[in-house]
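Take a look at the structure set out below.
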Amino acid sequence: MTDQYTFQNPVTQYAPIDTEQPELAEPGLETELTPRADLGQDTYRGTGRLTGRRALITGGDSGIGGATAIAFAREGADVAISYLPEEEPDAQRIVALIEEAGRTAVALPGDISSPTAARALVDAAVDGLGGLDILVNNAGKQVSIDKLEDLTDEQFDQTFKTNVYALFWITKAALPHLPEGSSIINTSSIQAYSPSETLVDYATTKASINTISKALAQQLAPRGIRVNVVAPGPVWTPLQPSKGQPIEKVQTFGSDTPLGRAGQPAELAPAYVFLASQESSYVVGETLNVNGGMPSP
Ligand code: NAD
Ligand code: MG
């Protein structure tokens, strides 16, 4: 079985994506992925690195956020996940895995592109967890459009609301609850530096996330709150076949990386664990690129 611990060649650790994957409606569901993604559900081993911590993960129902929720719980954290109501089946699977790890799971459906819902989400997470000391802003909208003429004002607005505004609203609402020692982790992308021609709006939000994180990291460090970023490369999640890329690119997703394959969500979760835990106490304003070797600044 592929796992995170056995010494092996990372090129062959997972098979390359080579699939007839059909296009999915937005947001995709984990169960609609062929092959299924590896969230570390069968393999991730915690070592108590987040014992007693309380985490909110947006987009924690699937993909990178789902893998991170599983890892956080196995490291000893109680975890609230936010997701869109239509993702309830994916969310329930992650809730069950958090509970299997012996931790509290809080399921919070809602659309964070509305400021009221984004703020209510934080209140509900704090209520459900009895506090908050890890915030992972991970939810994202990515819809590929070939021509600028076809990129609607509504999509441009919605991509920014989901990826940038919600991060601002949620972080601002969370701050009064975050004690010294807390960690905020935002999810950027290789797209921040190497934008695809069809992801004009999305790539721009990811560059914004890098910049807002660097600014905020300096502002919050003296208060004892660390802000860092994970910037994934191509990772096999429902985001990509649900119009995130032209479907022919999805079918061989990640083949253009130096490792020659897409990453799996299980390979991203340890980066979030590291940045959430006290082990990374002197890491502030950093962007941890987890992208199969694509050059990044
Ligand atoms: P995913 O589809 O599993 O996760 C994205 C989640 O965002 C969804 O599950 C959904 O719950 C949430 N979301 C979207 N719009 C929302 C809204 N309006 N309200 C509430 N929740 C909403 O895909 P993923 O790839 O794991 O994405 C996680 C993050 O990783 C995103 O920020 C994405 O941009 C980033 N990322 C992904 C890749 C990749 O190749 N998969 C590469 C770079 C960056
Ligand atoms: Mg999802």
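Each value in this text was obtained by applying a stated rule to the coordinates, not by laboratory testing. Just so it is clear, the structure is predicted and the values come from calculations on it, not from any experiment. Every residue, glycine as well, gets a Cβ built from its backbone with ideal geometry; the counts of neighbours run over all protein chains shown.
In nm, give the distance between the simple-model label positions of GLU248 and ARG45, each being 7 Å from the Cα along the Cα-to-Cβ direction.
Taking the two extended label points, one gets 4.5 nm.
Could you check which residue among ALA107, ALA25, ALA276 shows the biggest mean-square fluctuation in a GNM of the chain with a 10 Å Cα cutoff?
Result for the chain, Cα springs under 10 Å: ALA25 fluctuates most.
³J(HN,Hα) across region 257-269 via Karplus (A = 6.51, B = -1.76, C = 1.60, θ = phi - 60°), whole Hz, x for Gly/Pro?
For region 257-269, the Karplus-derived couplings read 8, x, 6, x, 8, 6, x, 10, x, 4, 7, 8, 3 Hz, x marking Gly and Pro.
Rounded to the nearest 500, what is the 222 nm mean residue ellipticity of the chain from helices alone, with -39500 (n - 2.57) per DSSP H run of 4+ residues and division by all residues?
On the way: 8 runs with 94 residues, N = 297.
So the calculated ellipticity at 222 nm is -10000 deg cm²/dmol.
Could I have the simple spin-label model distance between PHE7 and ARG223, label points 7 Å from Cα toward Cβ, reported in nm to one decimal?
Result: 4.6 nm between the two label points.
From Cα pairs below 8 angstrom and at least 6 apart in sequence, can you work out the relative contact order of the chain, rounded to a whole percent? Walk me through the numbers before you get to the answer.
Details: 645 pairs, mean separation 68.9, N = 297.
So the answer I get is 23 percent.
Towards the positive end of the charge dipole of region 166-297, with charges on Cβ (+1 Lys, Arg; -1 Asp, Glu), say which of THR204, VAL273, LEU216 has the farthest Cα.
Value computed over the given set: LEU216.
Calculate the FRET efficiency for ALA25 and GLN278 from the Cβ-Cβ distance with a Förster distance of 51 Å, rounded to the nearest 0.05.
Numbers: r = 41 Å, r/R0 = 0.80.
The computed FRET efficiency comes out at 0.80.
Any idea what the dipole of region 42-290 comes to, in debye rounded to 20, about its Cα centre with Lys/Arg Cβ at +1 and Asp/Glu Cβ at -1? Working shown, then result.
On the way: 19 positive and 28 negative charges, 166 e Å.
Approximately 800 debye in magnitude.
Loop only by DSSP, 13 or fewer other Cβ within 10 Å of the Cβ. Give me the trypsin sites (Lys or Arg not before Pro) in region 40-146 that pass, ordered by residue number.
Details: sites: ARG45, ARG49, ARG53, ARG54, ARG74, ARG93, ARG103, ARG119, LYS141; in loops: ARG45, ARG49, ARG53, ARG103, LYS141.
Of the trypsin sites (Lys or Arg not before Pro), the ones in loops of region 40-146 whose Cβ has at most 13 other Cβ atoms within 10 Å are ARG45.
Is there a quick way to get the dipole size of region 70-204? I mean about its Cα centre, with the Cβ of Lys and Arg at +1 and of Asp and Glu at -1; what is the value in debye to the nearest 20? Could you put the intermediate results ahead of the total?
Details: 8 positive and 21 negative charges, 83 e Å.
Here the size comes out at about 400 debye.
What residues have an amide H closer than 5 Å to that of TYR83, excluding those fewer than 5 places away on the same chain, when H is modeled at 1.01 Å from N in the peptide plane?
Excluding prolines and chain starts, which carry no amide H, the hits are GLY59, LEU108, GLY110.
Which of the lysines could be linked to LYS243 by a straight reach, that is with a Cα gap under 26 Å, when you skip same-chain ones fewer than 8 residues away?
LYS141, LYS147, LYS161, LYS206
Ignoring GluC sites (Glu not before Pro) that are buried or in helix or strand per DSSP, and keeping those with at most 16 other beta carbon atoms within 10 Å, what is the longest stretch of the chain between them?
Values: sites that count: GLU20, GLU23, GLU180, GLU197.
So the longest stretch without any such site is 24-179.
Between ALA231 and residues 5 or more places away or on another chain, which pairs have amide H atoms under 5 Å apart, with H built 1.01 Å from N, and which residues are they?
Residues meeting the criterion, in which the H sits 1.01 Å from N, are SER188, LEU288, ASN289, VAL290.
Return a whole-number percent for the relative contact order of region 1-121, with Cα pairs under 8 Å and 6 or more residues apart as the contact set.
This gives 20 percent for region 1-121.
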